[in-house]
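A.B. asks: Got a structure for you, written out below as structure tokens; questions coming shortly.
The values are calculated or read from the model by the stated rules, or taken from the named source; none is laboratory data. On a predicted model such as this, the values are computed, not experimentally measured, just so you know. Cβ atoms come from the backbone with ideal geometry, glycine included; neighbour counts cover every protein chain shown. Quick note on the areas: whole protein, heavy atoms, side chains included, nothing else; ligands and nucleic acids left out. Shrake-Rupley method; radii C 1.70, N 1.55, O 1.52, S 1.80 Å.
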Amino acid sequence: MTSTESTDVVVIGSGFGGAIAAYHLAAGGARVLVLERGPWLQAEEFEHDFKLGSSYTRVFDFVVGDGMSILGGNCVGGGSVVYFATMPRAPRFVFERRGSIGRRMWPASITRDTLDPWYDRVTEALPVTRQSWEKVPYAGGLFAAACAHAGRTANPSPSAVDVDECVNCNWMMAGCRFDAKRSLLLNYLPAAVAHGAEIRPLHEVQRLTRLADGGYRVHYRVVDEEDYRILHDSGEIDAKLVILAAGSGATPVILQRSEPDLGRMPHAVGRYFSGNGERLNTAILDEDKVRDVLGLSRPDGSAYAAYQIGRGPTVASWDRLDGSLPEYERFSLEQLYFPPGLGTILAQVPGATGPSWFGLEKKEMLRQWQSWLTIFTMSEDDNEGVFGPPPETGNAHRLSMQMLGDGPLRYRPTANTWRGWSLSDAAVKDILERDGLARVAPWTNDLVGAYTVHPLASCRIGDDPATSALDDRHELRGHPGIFVTDGSAVPGALTVNPALTIAALAERAMPGIVRAARERGVAVQYGAPAPDGSTAARVAVAPTV
Ligand SMILES: Cc1cc2nc3c(=O)[nH]c(=O)nc-3n(C[C@H](O)[C@H](O)[C@H](O)COP(=O)(O)OP(=O)(O)OC[C@H]3O[C@@H](n4cnc5c(N)ncnc54)[C@H](O)[C@@H]3O)c2cc1C
């Protein structure tokens, strides 16, 4: 059954880019419909197990590509529901990056200074707070002590977790039952709904077509709530303005599928994808050495004292975020709790000469699981990912009822990307293998290729139409009225976790988007306070339209 409705604005996706746009437009008076392909779950529905059909498998999207897999959110709230909520600002040098194109990647209008007021707004809205050492779980303290032992610094990371509510349960990737993690379910999205926005879960957008009046028709299918491979009804919504915020792995796919009807897409749609230069290293600590060298110990046999328990990342080393270093040699190191399941399966035996997913050595490694310390590294890659051609529906060919798909991303790391990975791997070894503290197993691409939980740049902003899909107001070149506000708009790797930057860019884009909506006949104002009504962070820039 196909039906056609109409509204002012359709927002596609309800992660950071979608939620922020939905809130500002609805608060300003526009009629807003949010279409989200995943389910809409609340705190009490987030379950602590890995069973098929639990929140864990329902809210994730794991898409295997050729050389790069992407892990993301699949639910109302998007990646904010499953993320670790570490929220640093990108370092100043990131905005000056030249990358593979050999000239500034970011639009001239965006620097760390011009983005700071927008970072302030998101920081107030979620909120993001600094953590004290007293609240850092054991694993974070241990990494900090190892860094100090190696002559490096490490500090608690800024975080969107209310640490007084957090019980360190280690299930934050399945969604937070305690509402301690400040996901979008607690701020922008309820505020958007309070202002009249309608959110429709299990609605997967397939493509856009153009209307005679300059508006757009959004074509969606309803997804079965248990078996995501099954698509039910289809529908169409006519809108004066469309915000694409389906995430970096899906936004370019929707646009590529729409090309036959919408007309030629900018060259950069589906190109220049960045995995944010990520790697996972697994260190197996020698408990005797930890005691002798660092003077730290935890009670034997107590699961909850294991390094693997706690919040996600709590402590990071930012010594290499130094703008005077050459590009591709700058990276951050982050202690990370990565839960059993994926992390346990993929971890390689330190020093193994071949793949070691299974076997006796792996069994021995698993026996020592309490002594694992995972270090996540983020370096500068070369924007070498390319999407296409699009699958028939969705962003991937779905392989299982939930979670797993096979997508159209191809990623061939260049020598520059390998330099960043190798240097960050070496830094982890230098810190954790010093004086025999641990044996470190770096990530290997040999088995499943690279992976990322921070997909970026597949539809990026920029000043040069040849290498950017969007102008610096986030409007799709050649297609007025289509704006992209998710991670795909970020020009390249950030060397730190990206959600705060994605959100700050979305906040920054909003005055221009509201102006464009007005020009298209939508009765809407810009100027809403933070979702809870706060205005303290809204004084530095107050653009009105
Ligand atoms: C396990 C994990 C941990 C992370 N930890 C951190 C962290 O600590 N700090 C940090 O900064 N970042 C973290 N991230 C990354 C962060 O979650 C993302 O960078 C961020 O959510 C991206 O925001 P977005 O708006 O680009 O897209 P998303 O948040 O991914 O939102 C896109 C939404 O669009 C929906 N969608 C996709 N296709 C369609 C379609 N066709 N129709 C309708 N809806 C669609 C998706 O279901 C999703 O809800 C983590 C990610 C993961 C997976």
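A.B. asks: With contacts defined as alpha carbon pairs under 8 Å and 6 or more residues apart, what's the relative contact order of the chain in percent?
C.D. replies: Normalised by residue count, the contact order of the chain is 25 percent.
A.B. asks: Above 18 angstrom, tally the Cα pairs of region 65-189 and express them as a % of all pairs, no decimals.
C.D. replies: Values: 5096 of 7750 pairs.
Across region 65-189, Cα pairs with separations above 18 Å total 66 percent.
A.B. asks: In whole Å, what is the distance between the alpha-carbon centres of region 368-394 and region 449-477?
C.D. replies: Using only Cα atoms, the two centres lie 17 Å from each other.
A.B. asks: Right, next: Grab the other residues whose beta carbon is less than 10 angstrom from that of Arg177, score K and R as +1, D and E as -1, and report the net. Don't skip to the end; give the middle numbers.
C.D. replies: Values: positive: Lys181; negative: Glu44, Glu45, Glu47, Asp179.
Taking every other residue near Arg177 into account, the sum is -3.
A.B. asks: So which lysines can Lys363 reach, going by Cα to Cα under 27 Å and dropping same-chain residues fewer than 8 places off?
C.D. replies: Cross-link targets: Lys51, Lys289, Lys429.
A.B. asks: Based solely on its DSSP helices, what 222 nm [θ] is calculated for the chain when runs of n ≥ 4 H residues each add -39,500 (n - 2.57) and the sum is averaged over all residues, nearest 500 deg cm²/dmol? Intermediate results must be reported in sequence, preceding the final value.
C.D. replies: Values: 12 runs with 121 residues, N = 545.
Helix contribution divided over all residues of the chain: -6500 deg cm²/dmol.
A.B. asks: With Rg and the Kirkwood Rh both taken from Cα atoms, where does Rg over Rh land for region 429-475? Intermediate results must be reported in sequence, preceding the final value.
C.D. replies: Values: Rg = 19.3 Å, Rh = 14.5 Å.
Ratio of gyration radius to Kirkwood radius: 1.33.
A.B. asks: Moving on to the next point. What distance in nm separates the two pseudo spin-label positions at Arg130 and Glu259, each 7 Å out from Cα along the beta-carbon direction?
C.D. replies: Between Arg130 and Glu259, the label points sit 4.8 nm apart.
A.B. asks: Using the membrane-span-like helix rule (whole DSSP H runs, Cα extent along the own axis of at least 27 Å, mean Kyte-Doolittle hydropathy at least -1.0), which helices of the chain qualify?
C.D. replies: On the way: long enough: 499-519 (30 Å, 0.58).
Span-like helices in the chain: 499-519.
A.B. asks: Hey, rough spin-label estimate for Asp430 and Asp319, points 7 angstrom out along Cα→Cβ, what's it come to in nanometres?
C.D. replies: Each label point is offset 7 Å from its Cα along the Cβ direction, giving 0.6 nm.
A.B. asks: Still on this structure, please answer the following. Per residue, how much accessible surface does the chain expose to a 1.4 Å probe? Answer in Å², no decimals. Don't skip to the end; give the middle numbers.
C.D. replies: Details: 19500 Å² over 545 residues.
So the chain comes to 36 Å² accessible per residue, rounded to a whole number.
A.B. asks: Taking region 43-89 on its own, what percent of its Cα-Cα pair distances exceed 11 Å?
C.D. replies: Within region 43-89, distances greater than 11 Å cover 72 percent of Cα pairs.
A.B. asks: With both partners inside region 1-109, how many of the DSSP beta bridges are antiparallel, as a percent to the nearest 5?
C.D. replies: 55 percent
A.B. asks: Counting Lys and Arg as +1 and Asp and Glu as -1, each charge on the Cβ, what is the dipole of region 175-332 about the Cα centre in debye, to the nearest 20? Can you show the working numbers first?
C.D. replies: Numbers: 20 positive and 23 negative charges, 75 e Å.
Value, rounded to 20: 360 debye.
A.B. asks: Over region 405-463, what portion of Cα pair distances is larger than 12 Å, expressed as a whole percent? Display every interim value, and only then the final one.
C.D. replies: Numbers: 1337 of 1711 pairs.
Roughly 78 percent, rounded to a whole number.
A.B. asks: Separation of region 87-164 and region 249-279 by C-alpha centroid, Å?
C.D. replies: Using only Cα atoms, the two centres lie 27 Å from each other.
A.B. asks: Sum up the charges of everything whose Cβ sits under 12 Å from the Cβ of Val82, counting Lys and Arg as +1 and Asp and Glu as -1, but leave Val82 out.
C.D. replies: Here the charged neighbours net out to +1.
A.B. asks: Given a Förster distance of 22 angstrom, what is the FRET efficiency for Asp233 paired with Asp49, based on the Cβ-Cβ distance and rounded to 0.05?
C.D. replies: 0.10
A.B. asks: Would you work out the Kirkwood radius for region 1-87? I mean one over the mean of 1/r across all pairs of different Cα atoms, in Å.
C.D. replies: For region 1-87, inverting the mean 1/r across all distinct Cα pairs yields 14.7 Å.
A.B. asks: Let me ask something additional. Looking at the chain, what % of its DSSP beta bridges pair antiparallel, to the nearest 5?
C.D. replies: Beta bridges within the chain, antiparallel portion: roughly 65 percent.
A.B. asks: By accessible area of protein heavy atoms, probe 1.4 Å, what ranking do Glu44, Glu165 get, highest first?
C.D. replies: Working: Glu44 125, Glu165 100 Å².
Descending accessible area places them as Glu44, Glu165.
A.B. asks: Quick query: amide H of Ser6 versus all other amide H atoms, modeled in the peptide plane; which residues come in under 5 Å with a sequence gap of 5 or more or a different chain?
C.D. replies: Residues meeting the amide H criterion: Asp238.
A.B. asks: On to the next question. If I model a spin label at Glu327 and Trp40 as a point 7 Å from the Cα along the Cα→Cβ vector, what separation in nanometres do I get?
C.D. replies: Between Glu327 and Trp40, the simple spin-label model gives 4.4 nm.
A.B. asks: If you don't mind, there's one more thing I want to ask. Leaving ligands and nucleic acids out of the surface, order Ser317, Ser234 by accessible area at 1.4 Å, largest first.
C.D. replies: On the way: Ser317 5, Ser234 35 Å².
Per-residue accessible area, sorted high to low, gives Ser234, Ser317.
A.B. asks: Another question, then. Taking the mean number of other Cβ atoms within 10 Å as a proxy for protection, how do you rank 97-108, 475-486 from highest to lowest?
C.D. replies: Going from most to least packed, we get 475-486, 97-108.
A.B. asks: Using square roots of five times the C-alpha gyration tensor eigenvalues, list the equivalent-ellipsoid semi-axes of the chain in whole Å, biggest first. Don't jump to the answer; show the numbers that get you there.
C.D. replies: Details: eigenvalues 279, 113, 106 Å².
Listed largest to smallest, the semi-axes of the chain are 37, 24, 23 Å.
A.B. asks: Which number do you get for Rg(Cα) / (2.2 N^0.38 Å) in region 168-283?
C.D. replies: Ratio of Rg to 2.2 N^0.38 Å for region 168-283: 1.35.
A.B. asks: Take Arg320, Arg271, Arg439 and sort them by solvent-accessible surface of the protein heavy atoms, 1.4 Å probe, largest at the top.
C.D. replies: Sorted by accessible area, descending: Arg439, Arg271, Arg320.
A.B. asks: Still on this model: Between Glu5 and Leu447, what length comes free when the chain is fully extended (0.36 nm per residue of separation minus the Cα-Cα distance, one decimal in nm)?
C.D. replies: 154.5 nm is the gain from fully extending Glu5 to Leu447.
A.B. asks: Please find the FRET efficiency linking Asp113 to Ser422, where r is the Cβ-Cβ separation and R0 is fixed at 35 Å, and quote it to the nearest 0.05.
C.D. replies: Plugging the Cβ-Cβ distance into 1/(1 + (r/R0)^6) gives 0.60.
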